[in-house]
Amino acid sequence: MTLAGLICFMLRHVYDLLRFEYMKKILVTGAAGFLGVHVCRRLLADGHEVIGVDNFFTGKRRNLDDLLSNPRFSIINHDVTKPLEIVADYIMNLACPASPIWYQSAPIETIKTSFLGTLNLLELAKKTGARFLQASTSEVYGSPLEHPQREEYWGNVNPIGIRACYDEGKRAAESLCFDFFRVYGTYIKVIRIFNTYGPYMSIDDGRVVSTFVTQALANQPITMFGSGLQTRSFCFVDDLVEGIMRVLWSGDEITGPLNIGNPHEVTLLELAEKIIHLTGSKSEIIFKPLPHDDPPQRCPDITKMRTLFSWNPTCDLTRGLQKTIEYFLQEQANANSVYGVENKLLKQGIL
Ligand code: NAD
């Protein structure tokens, strides 16, 4: 071997060693869902190995189509309410239906997913020494009496209402995380995600952004529950994923809980008007009674994410909505294509 050849060989060896040291194996539950797909994509882009787990309750296999050709990605069809045996460096628990229409259609499965799913995954983390990140939610604050919501606020949740399967399930899951941390020293991180939107949301998930965009694109009336003066703050998914990554890779002393969301508040009327404008829609807004336990105001205090990680959302609502509308238009085009027809036939059991 020449000297140049030898140097190349050694450099290659050092590179492989460094890459091996850096590359982590990460188990992502809820991988086929809206946020799961973005998280898996980002981890793969950063060079890691990803094992996705999903029971496809709300997630779509189609969301993962282009990831399946990546040798560093695999997906396992599994319900997290049942124990699983996978060795990974990190476990990110995102499995849980997040949209009210879906979790209210399966309340018992939802609370089981939050509680038993988190318990099974924490047991796995304890056994294997994996680091554990729990996707919690702003819903743990319920109908908040403090505004904006800081992590120290304990919330105001109706424990027997129609949202309780989700809210209380997530609260119990947080409590499990901190008990595993205190009792077994399991490395945990809890993030509280506020309203997030963007490409890969399901058109029919009943969340406010997807519903308004779908109605506007079809020039149908936009359904406003309540006066429309209730406020929400919407975080574009790329900003959220960046925040999650900063927490994931932080030191073991950081357990959270940490709010991740966009503190810019808008009324739902403003949101509807913006969507009508951006889609060039002829939709009118119609008003319906407010559902039970719908919080009048929700806005994160993100001081902790700012100070610990210099994290700030950077995508403004107009730009984020434009990207979301482009995705919804693409989805509609796919649904009308041969691919869409095949999908419908598959669903009807004809293909
Ligand atoms: P989603 O419904 O799109 O995705 C959830 C995924 O979990 C789906 O793929 C679903 O099939 C899977 N799943 C559900 N039950 C399961 C089970 N028992 N076993 C295995 N897989 C299961 O929701 P999302 O918006 O991607 O939310 C992901 C996580 O983030 C959830 O835990 C949710 O509570 C949390 N979160 C999301 C938001 C948001 O705005 N999107 C806000 C707060 C918290």
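Things worth noting here:
- Scanning the stretch 39-62 for residues that are surrounded by 21 or more Cβ atoms within 10 Å (Cβ to Cβ) and not in a strand (DSSP E or B) turns up Val39, Cys40, Leu43, Thr58, Gly59.
- Residues of the stretch 73-108 classified as in a loop (DSSP other than H, G, I, E, B), in contact (Cβ under 8 Å) with a residue 40 or more places away in the chain, of a type outside the set (Asp, Glu) and touching a strand residue (DSSP E or B) at 6+ places or on another chain (Cβ under 9 Å), total: 9
- Total residues in the stretch 20-68, condition within 14 Å of Tyr200 (Cβ to Cβ) and more than 12 Å from the ligand (Cβ to nearest atom): 5
- Within the stretch 71-98, if we keep just the residues that are of a type in the set (S, T, N, Q) and surrounded by fewer than 20 Cβ atoms within 10 Å (Cβ to Cβ), the residue that is farthest from Val37 (Cα to Cα) turns out to be Thr81.
Table: residues versus (1) outside any helix (DSSP H, G or I); (2) of a type in the set (A, V, I, L, M, F, W, C); (3) within 16 Å of the ligand (Cβ to nearest atom).
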residue	(1), (2), (3)
Ser210	no, no, yes
Gln220	yes, no, no
Met224	yes, yes, no
Gly228	yes, no, no
Glu242	no, no, yes
Glu253	yes, no, no
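- Pairs, first over 23 Å from Pro144 (Cβ atoms) in the stretch 222-244, second away from the ligand (no atom under 15 Å from the Cβ) and not in a helix (DSSP H, G or I), C-beta under 8 Å, six or more apart: Ile222/Ser283; Ile222/Glu284; Ile222/Ile285; Ile222/Ile286; Thr223/Ile286; Thr223/Lys288; Glu242/Trp311
None of the figures in this text is laboratory data; all of them are computed from the coordinates on show. Treat the numbers as computed from the prediction; the structure is a model and nothing was measured. Cβ: placed from backbone, ideal geometry, glycine included. Neighbour counts: every protein chain shown.
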